[in-house]
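Written out below as structure tokens is the structure these notes cover.
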Amino acid sequence: MSQLRARLFPYLLVGPYLAVFAVFIGYPIVRAIYISFHDWGIFGPNGFVGLGNYASLFADARFWSSLLTTTQFALIFVPMIMVVSVVLAVLLHRTLPGIGLFRTAFFLPLVVNVAVASIAFKWLFEPQAGTINQVLRLLRLPDQTWLAEPGWALIAIALIALWGSVGFMVIILLAGLENIPDDLYEAAELDGSTPIQNFFFITLPLLKPIMLIVMVLSLIQAFQVFGEVLIMTQGGPFGSTEVLTMLLYEEGFRNFAIGRAAAIGVIITIIIAALSLVQFRFFRQR
Amino acid sequence: MAGLQLSGIHKNYGPVEVIKGIDLAIEPGEFVVFVGPSGCGKSTLLRMIAGLEEITGGTLRIGERVCNKVAARDRGVAMVFQSYALYPHMTAEENVGFGLRLAGVPKAERARRVREVARVLQMEHLLERKPGQLSGGQRQRVAIGRAIIRKPDVFLFDEPLSNLDAALRVDMRMELSRLHADLGATMIYVTHDQVEAMTMADKIVVLDQGRVQQVGTPMELYNMPANLFVAGFIGAPKMNLLRVRIDAADRAGAAISAPFLRATEVRTSVPSALVGQEVTLGIRPHTLELRASGPISGSIRLVERLGDTSIIEVATQAGQSVFAAIDGDIDVELNQVVSLGFDPAKAHLFGPEGTRL
């Protein structure tokens, strides 16, 4: 009896989490998959359609266009956040007076709600009264219509997403940097290494496992970007920022094609899972 | 190969002074060991020589060059760390050749020199492995290989054997001594283990609380310790340090006594001012021997048999413990009453300030 109790005890400990997971994550995922196989309107299911929702999406140019936009966004956002977060982490890893203040400053945006941040940045990017163009004018540079220009809008959104999450990536990377022993740098110094060479020969290779985590997390974030797009551009100008999640929102909450929206959600999940798996496999092997 | 000259070297961390003015000359090709207890400043001093710690005051010369402000990479020194500090993502070959790679040595030349070093250190079969796949002793070899490939003027070793097991430590000790003989390079070696210091050094520098206590050859330190600290630190088992009273003194020697010690004479010149005062008598356990009627008597409280010798602890009636190293063949047992004697010429006296008389 006591043996049985001992065996059940661990389950008791993880029980509360499993319950929350099942209700708020597990069930919605299963439900979404279920819905994606149905023609599902605002008042409920209109019938089982099998892979019909997926087939109609794959035949829809708007779906492919938003998949391309999401990919473009990921290609802008992931390298940008990788480079910026690694550089910031290395700079913040030094022991300088007041460095804690800087670390806090970079972490702060994380606690700002994405809607608040997006509204604030919308003002900053505003063509006439926006601070960014005012600064450009002071520098005698031409005004930019950031959010109205198809090329710039996606970059502007990437910048906001970067501002919001770079602090978190930096924290992860700082933990990785803490794990690199100081004596490796001392040995390298005696071997004749300069600080730049230290970065490329010691820091980067030893930080690679943590950078992989950052890369996977930022890729997931890139495929899930939504709040910034909804508030700042609503997918415009000319659909140039209509990412997959935006399309999902349009289908689900404007067109009330819940079945199609669920299918888009499932596709996003599959893409993220597949990309994460490929990255882990690829880097583990190396 | 270069000598070193340390003049008035100081090191402060804020208000805390850890190195308190060190003057030391190291000849080219010498094997010098810095020895002392934890926190005595020996590693800090080594790191200052390496260029890994700033020098707060004084002058450091390597060869003829003042090196206080010279970057570590430009000092012509190589160091083996206590943790080995091997680059975990590189193979042994890449670890050893890293310095040459940074120096822009062509790949073929680099490979040739790495092989040469690997042959000297008998680690050719390990070159393809990464540090995680090597044992402690093998990592040690790679770390030494990384140091010697650059043909530095001075080798620095920071407690390199402390992570190895006892048997391997003895092997590596001999190997390092052999390496020193082969390379003829100047080597500075830091350890807290006085056996390592005694067995390897041409010259030992005993440090305590940021100050040099004594500099000398191993036998000088063993036979003529400058003060109580060196007397207690050098030699295993430790020297017996016993409080005694000077009854009479002249140039030829002194008469001493203590509650545990029958009046006896030692051949140490003692200033007459010390007559009637307490001083410290130092007797190495190996100079004490069992006698029919010696000046120290008591019962055996502990016997440690090492084979060729046995260490015995003799408790006198006055409550003083004295350790003696006697021939391992002599049969002694616990609680046996024995008498110990010593050669008066091999006894040391230390004055009230702890310095040798």
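General remarks:
- Cα shape, chain A, gyration tensor, a/c 1.5 rule: oblate
- Here is the list for the range B:105-185: GluC sites (Glu not before Pro) lying in DSSP coil, each with at most 16 other C-beta atoms within 10 angstrom of its C-beta, are B:128.
- Mean projected area in nm² (Cα convex hull; one quarter of hull surface) for the protein assembly as shown: 47.1
- The angle between the Cα long axis of helix B:136-148 and the longest principal axis of the Cα atoms of chain B comes to about 70 degrees, rounded to the nearest 10.
- Derived scalar couplings ³J(HN,Hα) [the range B:79-94; Karplus, 6.51 cos²θ - 1.76 cosθ + 1.60; whole Hz; x for Gly, Pro]: 9, 10, 8, 4, 8, 6, 6, 7, 6, x, 8, 10, 6, 4, 4, 5
- Size of electric dipole in the range A:61-285: Cβ of Lys, Arg +1 and of Asp, Glu -1, about Cα centre, debye, nearest 20: 500
- Candidate lysines - alpha carbon under 24 Å from residue B:238, same-chain residues fewer than 8 apart omitted: B:42, B:203, B:346
- Max mean-square fluctuation residue, GNM over chain B, Cα-Cα springs under 10 Å, options B:215, B:33, B:332: B:332
- Tilt relative to chain B, helix B:166-183 - C-alpha long axis, 0 to 90 degrees, to 10: 60
- Scanning chain B for trypsin sites (Lys or Arg not before Pro) that sit in a DSSP loop and have at most 13 other Cβ atoms within 10 Å, the longest stretch containing none of them is B:70-250.
- A straight Cα-to-Cα reach below 28 Å connects residue B:107 with the lysines A:208, B:130, B:151, residues fewer than 8 places away in its own chain not being considered.
- Ordered by the count of other Cβ atoms within 10 Å of each Cβ, fewest first, A:280, A:77 give A:280, A:77.
- Amide proton proximity set for residue B:31, modelled H, under 5 Å, gap of 5+: B:187, B:202, B:203
- Placed amide H near residue B:214: partners under 5 Å, 5+ positions off or other chain: B:206
- Cα-based shape type of chain B, given that a ≥ b ≥ c are square roots of the gyration tensor eigenvalues and the cut on a/c is 1.5: prolate
- When +1 charges are put on Lys and Arg Cβ atoms and -1 charges on Asp and Glu Cβ atoms, the dipole computed for chain B relative to its Cα centre reaches about 1220 debye.
- Using θ = phi - 60° in the Karplus curve 6.51 cos²θ - 1.76 cosθ + 1.60, the 3J(HN,Hα) couplings for the range A:238-251 round to 6, x, 6, 10, 7, 7, 4, 5, 5, 4, 4, 4, 4, 5 Hz; x is entered for Gly and Pro.
- Span-rule helices in chain A, defined as complete DSSP H runs reaching 30 Å or more along the axis (Cα) with Kyte mean at least -1.0: A:61-92, A:150-178, A:258-285
- Computed magnitude of the charge dipole of the protein assembly as shown (debye, nearest 20; Cβ of K, R +1, Cβ of D, E -1): 1060
- Between the beta carbons of residue B:263 and residue B:38, assuming R0 = 30 Å, the FRET efficiency works out to 0.15 to the nearest 0.05.
No value in this document is a laboratory result; all are computed from the given coordinates. Because the structure is predicted, anything quoted here is derived from the model rather than measured. Positions of Cβ are backbone-derived with ideal geometry, glycine not excepted, and every protein chain shown enters the neighbour counts.
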